Amino acid sequence: MNFAVLIQISIGAILINNFVLARMLGLCPFLGVSKKLSGAFGMGMAVTFVMGIASAFTWTIDTFILVPCDLSYLQTVIFILVIASLVQLVEMVLQKFSPALYESLGIYLPLITTNCAVLAVALINSRENPFTGKEFTFVEAFVNGVASGVGFTVALALMAGIREKLELAPVWKPLEGLPLAFISAGLVALAFLGFLGLSFSSATGG
Amino acid sequence: MSEIIKLAVALAVVCIFSGIVIAFSHSSFEQQIEAQKLREEKEAVSQVFPSGTRILDTAGSAPLPIRYWIGRKETKTIGYAFALENQGHSGIIRYIVGIDTLGRIMGMKILSQSETPGLGARIEEPASEKSLWNAFGGGVHKDGRTWFTEQFNGISVSKPLSISSAVEWPSLPDTIKMEFTGSNTVSAITGATVSTRAIVAGIEKTVPACYAAIRGAQR
Amino acid sequence: MIAEELKRGVVGENPIFALALGLCPALAITTSVTNALGMGVAVIFVLTGSNIIISSVRKWIPDKVRIPCYITIIATFVTVVDLWMKAHAPVLNRQLGIFVPLIVVNCIILARAESYASQNNVRKSAIDGIAIGAGFALSLVAIAAVREVLGNNRLFGLTVIPGFRPMLVFAVAPGGFFTVAALLAIINYLRLKKERSRQ
């Protein structure tokens, strides 16, 4: 178990290559749900959960069925259908065990299916691991999924906090709403650029 | 019960049609995709040799641990190309370096990198002298050469390389450029020393040994 | 009639600027106009194709499984486009990276399937696909033009202003956010002005 790689993957997914602020994935729910801090956390947790489980399932299918049978071109279809089914499952589980959370997420829960971030992490796990130069192992893929979800939650929570405060501020009309949200996101993304210095490449002593 | 069957059948029919369409597209495009991969690889390797070189892929039959190609003009061997890779700042950099029979670099081609755009990614920056304004008059210059890789031309792999973090190569006067090449120095990309060092280290750890092995095998 | 539909797709119901759909690729791949054009054309193809198919079978798909069916149909088109690109435009395919398979979760396509193609005939759905797709493509190109010129001093890979040192911030992630914010603000400003002058 290579913990160093796992930590590299986690820090990479949460800070350096944050799914929302650096890779710009998962923006639709990002701008839709990030208006209240509590809603943002709930959404983030749900997405993290789905991303973790989806990573596990899609990695297994890819490694044991698609790649050996030379069917990699079916990745897009198979992965998205797996994700859609998983989200349905999560919906049913939440409805039964946590109806409050289910109600507060509303329409955004089934929309996790079309969240680019979930499909993206599944696809990234099936490509080459940039830290080892080889394929992702099961644990690495799972950690990547969960960490990416955590990164998504972090970005969402930051935006929610900012937007809650901005609600009360007087804004020039054309900037109201979405443009202001984008500018705030851009400024947070700019701040996160600083994490680029967190490089782990010790190979060349740099 | 019948509703479940109806739903399942509808879904199954859609999936079957989808499967047929995808399988059909895959088989029609498969050959071209393979051909593209081979063509790209050949093109990449040919870019590190002077034009008109015949390239031999030594795949598998070579005593060296890495992939390498021999370049021949008429019956003379004029150089070798090696496939290198090294961990850069944010991922593995894969590149090909071509050397002549005296161990001097003839060319370098970056195959893949995922470095920071605007910083490390500039190892692939095209030296575009054509601008919008003269492009249509003089034609678009499209040989894919970049200043970062160009500056390695003439560097000897039998001596250690050094990196200068001062001025970037394109802004240097020609006399200093020649001095750099003579003293085996390359200039780093401003703000991307890690990526620069990765490329240099990748060369230093493999090419001198391979070159020596080839020379040794020839004796 | 077609011109009217095009106008609706590009202006009235512009997917990025009016409906706020399809934002992920709008910010991620608009670092160069060539990429934006490539993605735009791919999306037009997938959107129109899936609109046509979904509209043709809309009467036979049971309501309860319609979303998985739509997703499968869209994913099929995306896979075909991906394979075609790998065969005929491998450089573009590599530049767009995972965003080619990600077209399947581009909110625009599923939204159009759900709100238009499932309720209108094939001809109308096809035109809608082309119109909205064109709107998406043009918006992408607009964003990319700003980002490529300001962030890289290039347009289609050719240098624009010799000697101008570009502002890197536009070529990386934050620049995408700022560019879209600015364009949105300009559009809002013009819209508000029109509304005020109408009163």
Original post:
Just in region A:85-182: which GluC sites (Glu not before Pro) are loop by DSSP and have at most 12 other Cβ atoms within 10 Å?
Top reply: A:Glu167
**OP:** Rank these for me by crowding, B:His26, C:His88, B:His89, going from fewest to most other beta carbons within 10 Å.
**Re:** C:His88, B:His26, B:His89
Original post:
Can you give me the Cα centroid spacing of region A:50-105 and region C:11-78 in angstrom?
Top reply: 21 Å
Original post:
Taking each full run of DSSP H in chain B as one helix, which ones are at least 15 Å long along their axis (Cα atoms) and have mean Kyte-Doolittle hydropathy of at least -1.0?
Top reply: B:2-46, B:193-218
**OP:** Could you work out the Rg to Rh ratio of chain B, with Rh taken as the Kirkwood radius (inverse of the mean 1/r over all Cα pairs)?
**Re:** 1.15
Original post:
In chain A, which whole DSSP H runs stretch at least 24 Å along their own axis (Cα) and average 0.0 or higher on the Kyte-Doolittle scale?
Top reply: A:37-61, A:75-97, A:138-166
Original post:
When N counts the residues of region C:32-137, how does its alpha-carbon radius of gyration compare numerically with 2.2 N^0.38 Å, as a ratio?
Top reply: 1.05
Original post:
For the protein assembly as shown, treating each Cα as an identical point scatterer without solvent, what Debye log10 I(q)/I(0) comes out at q = 0.05, 0.07 1/Å?
Top reply: -0.25, -0.48
Original post:
Summing +1 for each Lys or Arg and -1 for each Asp or Glu, what net charge is found among the other residues whose Cβ lies under 14 Å from the Cβ of A:Phe136?
Top reply: -2
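Can you put C:Phe178, A:Phe30 in order of Cβ neighbours within 10 angstrom, beginning with the fewest?
C:Phe178, A:Phe30
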**OP:** Using label points projected 7 Å from each Cα along Cα→Cβ, tell me how many nm separate B:Arg39 and B:Ala12, to one decimal.
**Re:** 4.3 nm
Subject >> Principal axis dimensions, region B:1-127 - Cα atoms, whole angstrom, descending >> reply: 79, 39, 31
**OP:** Ignore the peptide's own chain and count Cβ atoms of other chains within 10 Å of each Cβ in A:170-176; give me the average, rounded.
**Re:** 4
Original post:
For region C:2-147, what's the relative contact order in percent, using C-alpha pairs closer than 8 Å and at least 6 residues apart?
Top reply: 51 percent
**OP:** Could you compute the FRET efficiency for B:Ala166 and B:Ala209, with r as their C-beta to C-beta distance and R0 at 35 Å, rounded to 0.05?
**Re:** 0.70
**OP:** Based on a Kirkwood Rh over C-alpha pairs, give the Stokes-Einstein translational diffusion coefficient of chain C at 25 °C and viscosity 0.890 mPa s in µm²/s.
**Re:** 139 µm²/s
**OP:** Quickly estimate the mean residue ellipticity at 222 nm for chain C, helices only: each DSSP H run with n ≥ 4 gives -39500 (n - 2.57), and the total goes over all residues, rounded to 500.
**Re:** -21500 deg cm²/dmol
Subject >> Modelled FRET efficiency - R0 60 Å, A:Gln95 with B:Lys177, Cβ distances, 0.05 increments >> reply: 0.30
Subject >> Inter-probe distance in nm under a simple model that places probes 7 Å from Cα toward Cβ, at B:Ile5 and B:Leu56 >> reply: 6.9 nm
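Report, to one decimal in Å, the Kirkwood hydrodynamic radius for region C:1-48 based on all distinct Cα pairs.
Kirkwood hydrodynamic radius for region C:1-48: 11.6 Å.
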Original post:
Taking the Cα centre of each part, how many Å lie between region B:94-126 and region B:151-219?
Top reply: 11 Å
Subject >> Peptide C:175-188 - average C-beta neighbours from other chains (10 Å radius) >> reply: 6
Original post:
Two-decimal Rg/Rh of chain A from alpha-carbon positions, Kirkwood Rh?
Top reply: 1.00
Original post:
Per residue of chain B, what 222 nm ellipticity follows from adding -39500 (n - 2.57) for every DSSP H run with n ≥ 4, rounded to the nearest 500?
Top reply: -14000 deg cm²/dmol
Original post:
Taking amide hydrogens as modeled 1.01 Å from N in the peptide plane, which residues meet the under 5 Å criterion relative to B:Gly79, leaving out close sequence neighbours?
Top reply: B:Gly71
Subject >> Residues whose placed amide H lies under 5 Å from that of A:Val20, excluding near-sequence neighbours >> reply: A:Leu25
Original post:
Counting partner chain Cβ atoms within 10 Å of every residue's Cβ in A:189-196, what's the average?
Top reply: 4
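Taking the Cβ-Cβ separation of C:Glu4 and A:Glu103 as r and a Förster radius of 35 Å, what is the calculated FRET efficiency to the nearest 0.05?
After rounding, the FRET efficiency stands at 0.25.
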Subject >> For C:Ala89, distant residues with modelled amide H under 5 Å away >> reply: none
**OP:** Please report the relative contact order for chain B, taking Cα pairs under 8 Å with a sequence separation of at least 6, and give it as a percent rounded to a whole number.
**Re:** 15 percent
**OP:** Starting with the highest mean, order C:69-76, C:50-57 by the number of other Cβ atoms within 10 Å, averaged over the residues of each peptide.
**Re:** C:69-76, C:50-57
Original post:
Mind ordering B:161-174, C:95-108 by average Cβ neighbours within 10 Å, highest first?
Top reply: C:95-108, B:161-174
Original post:
Which of these, A:Ala157, A:Ala100, A:Ala54, has the largest mean-square fluctuation under a Gaussian network model of chain A (Cα springs below 10 Å)?
Top reply: A:Ala100
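Coordinate-derived values only; no laboratory data. Quick caveat, the model's predicted, so the values are computed rather than measured. Positions of Cβ are backbone-derived with ideal geometry, glycine not excepted, and every protein chain shown enters the neighbour counts.
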